[in-house]
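Only the coordinates and a few stated rules stand behind these numbers; no lab work does. This structure is a prediction, so every number in the text was calculated from the model and none was measured. When we count neighbours, we look across all protein chains shown, and the Cβ atoms used for this are built from the backbone with ideal geometry, even at glycine.
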Amino acid sequence: MRHEFADDEAQGGIDLLPLIDVVFLLLVFFLAATTFAREEVALDLRLPEAQSGSASAPVRQLVVQVFADGRLVFDGREVTLEGLRQKLAAAAARDREQPVVVRGDTAAQFGLGLQVLDACRLAKLSRVDFAALPSQQR
C-alpha cells in the first residue's frame, strides 16, 4: 500500500514560526523595560558623596534634579522654579506624605538647592531627602 504525503509532511521540517513569535515578544518586552531607566542614565549629574545616610526604600518618589548650570528637571522634564512649585503643590494636594528626592550636582549652586527645598516646604511636603553617593573610604 502506497501512502501519499502532503508537501509539508514530506520535507519533515520543524515549524519555527511559534518560536520566532516568542523571541519577537521577548525582544519587545526588553526594549520597553530598558527605556524607563534611560532617562536617569542620560542625565549628566554628578552626585556628591556622603558618609552617613541609608538607602531609601523602593517607593514612588518625586525626583528633582538640580544641575550645575542652574537647570531643574522634575519627573524627567525640565521646569522653571515656578513650574516646580506648581507641580509640588499639585503632588501635595494628592498626597501630603509624598516623598521627594533632591538630586543635586556637586557644582550646583547652594542657593538653587535651597530654593528647591523651600518650594517643597511651601507645598507642605515634609518627606524631602537629598541624594548622595556613598563615600569612598581612603
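Length gained on full extension, Arg121 to Leu133: 1.9 nm, using 0.36 nm per residue less the C-alpha separation.
As a proxy for reagent exposure, ranking Ile14, Ile20 by other Cβ atoms within 10 Å from fewest up yields Ile14, Ile20. Counting 0.36 nm for each residue step from Ala107 to Arg77 and taking away their Cα separation leaves a gain of 8.8 nm. The order of the peptides 21-28, 81-88 by mean Cβ neighbours within 10 Å, most packed first, is 81-88, 21-28.
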